[in-house]
Amino acid sequence: MAIIIDGKKIAQDVRNEVKEEVLRLKAKTGIVPGLAVILVGEDPASKIYVRMKEAACEEAGFLSREYKFPADVDEGKILSIISDLNRDDEIHGILVQLPLPGHISSDSIIEAIDPRKDVDGFHPYNIGHLFTGNPFHMACTPLGILELIDRSGTGIEGKEAVIVGRSNIVGKPLALMLLARHATVTVCHTRTRDLPEVTGRAELLIAAAGRPEMITKDMVRDGVVVIDVGINRLDDGKLVGDVAFQEVAEKASHITPVPGGVGPMTIAMLLKNTLNAAVARSK
Ligand code: GUN
């Protein structure tokens with residue numbers, strides 16, 4: 001039976017470390033990290049995430065500001081707020097909760113954010129720096145995955161790492177991060193011809209496809225470290241990952257649960273990125 005990687009506990013450890021750093025930064029420089037969160041529309045999941053992000057900011061001793069707009073707001077209005085926030089010395093991080101309504105271009109909005117304040121790590125400037133191996137802000141979910149792997153002591157260098165899913169938010173940036181940490185990286189997707197053959201080679205398997213329980217025990221080898229990024233709500237209301245947890249846990253050496261695995265790490269890393277932005281500003 002696998003060791004369960006406790007994301008809730010690791011996320012809380014990171015949040016406590018951030019909180020201590022905030023006290024030190026405040027005492028030394030008078031700077032309080034500030035995060036601005038922009039929420040457009042009424043998507044229930046987005047509202048919950050935004051509330052959780054604000055609560056985490058408060059706990060860490062950050063300044064947190066929320067900007068809420070109706071779903072039919074003009075793109076120009078959002079761009080103008082971002083422009084103000086770019087020049088606002090109290091604000092070190094700007095986050096626009098995605099997805100945005102169809103009439104607003106996510107690319108234009110993300111590109112309007114000052115890359116130094118892009119604590120989501122989505123701006124092409126930050127993606128470019130990740131690509132060339134000299135990163136500044138990196139996306140929170142893949143960063144959280146690295147933190148889980150590091151703090152569970154399982155190792156990355158030299159490992160055969162397989163990622164299932166090629167999204168801009170998880171799969172693609174994670175591939176670059178694991179490559180920078182000297183893993184041999186394979187990225188699978190919907191057109192991968194023989195998925196079980198590829199996942200079966202993995203020593204480190206990251207499931208980020210958004211398909212409930214698609215990774216089954218016949219697709220993994222003994223001793224694999226499994227990180228499950230999926231959050232899927234089944235018809236009966238049950239929350240499951242992309243991994244069939246019970247059966248895969250019989251073969252894995254380590255595995256993350258859903259919920260309580262990768263999920264809590266995203267907000268913890270958002271705090272860390274915002275703190276880093278404030279520290280960079282203090283120099
Ligand atoms: N929507 C889903 N995940 C994310 C994320 O990491 N950041 C933002 N801004 N929106 C999201």
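See the values below:
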quantity	calculated
Residue in region 74-89 that is part of a helix (DSSP H, G or I), under 28 Å from VAL14 (Cβ atoms) and away from the ligand (no atom under 16 Å from the Cβ) present	yes
Search result, residues across region 137-159 that are outside any loop (DSSP other than H, G, I, E, B), more than 11 Å from the ligand (Cβ to nearest atom) and either touching a strand residue (DSSP E or B) at 6+ places or on another chain (Cβ under 9 Å) or over 17 Å from THR184 (Cβ atoms) (or both)	ILE145, GLU147, LEU148, ILE149, ASP150, ARG151
Residues of region 109-152 satisfying the condition of being of a type in the set (S, T, N, Q) and either in contact (Cβ under 8 Å) with a residue 12 or more places away in the chain or closer than 25 Å to ALA207 by Cβ (or both)	ASN126, THR141, SER152
So MET1, is it over 17 Å from CYS140 (Cα atoms), in contact with a helix residue (DSSP H, G or I) (Cβ under 8 Å, 6 or more places away or on another chain) and surrounded by fewer than 17 Cβ atoms within 10 Å (Cβ to Cβ)	yes
Where ASP114 falls short, out of the listed (1) touching a helix residue (DSSP H, G or I) at 6+ places or on another chain (Cβ under 6 Å); (2) within 14 Å of the ligand (Cβ to nearest atom); (3) of a type in the set (Asp, Glu)	(2)
Residue check for LYS68: without any contact (Cβ under 8 Å) to a residue 12 or more places away in the chain, in contact with a Leu (Cβ under 8 Å, 6 or more places away or on another chain) and surrounded by 13 or more Cβ atoms within 10 Å (Cβ to Cβ)	no
Where a residue in region 202-217 is closer than 13 Å to HIS189 by Cβ and its partner, wherever it lies, is of a type in the set (S, T, N, Q) and assigned to a loop (DSSP other than H, G, I, E, B), with Cβ under 7 Å and at least six apart	ALA208/SER167
Number of positions in region 15-45 that are surrounded by 20 or more Cβ atoms within 10 Å (Cβ to Cβ) and within 17 Å of the chain's Cα centre (by Cα)	3
Any chance ILE48 is in contact with a His (Cβ under 8 Å, 6 or more places away or on another chain) and exposed (fewer than 15 other Cβ atoms within 10 Å of the Cβ)	no
Any hit, region 209-224, residues being more than 20 Å from GLY261 (Cβ to Cβ) and in a helix (DSSP H, G or I)	yes
Pick from region 56-73, criterion within 16 Å of the ligand (Cβ to nearest atom) and assigned to a helix (DSSP H, G or I), ranking: farthest from ARG281 (Cα to Cα)	ALA56
Those residues of region 117-126 which are within 14 Å of the ligand (Cβ to nearest atom) and out of contact with any Leu (no Cβ under 8 Å at 6 or more places or on another chain), in sequence order	ASP118, PHE122, HIS123, ASN126
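Laboratory data are not the source of any read-out in this text; all were calculated from the coordinates shown. This structure is a prediction, so every number in the text was calculated from the model and none was measured. Backbone-built Cβ (ideal geometry, glycine too); neighbour counts: all protein chains shown.
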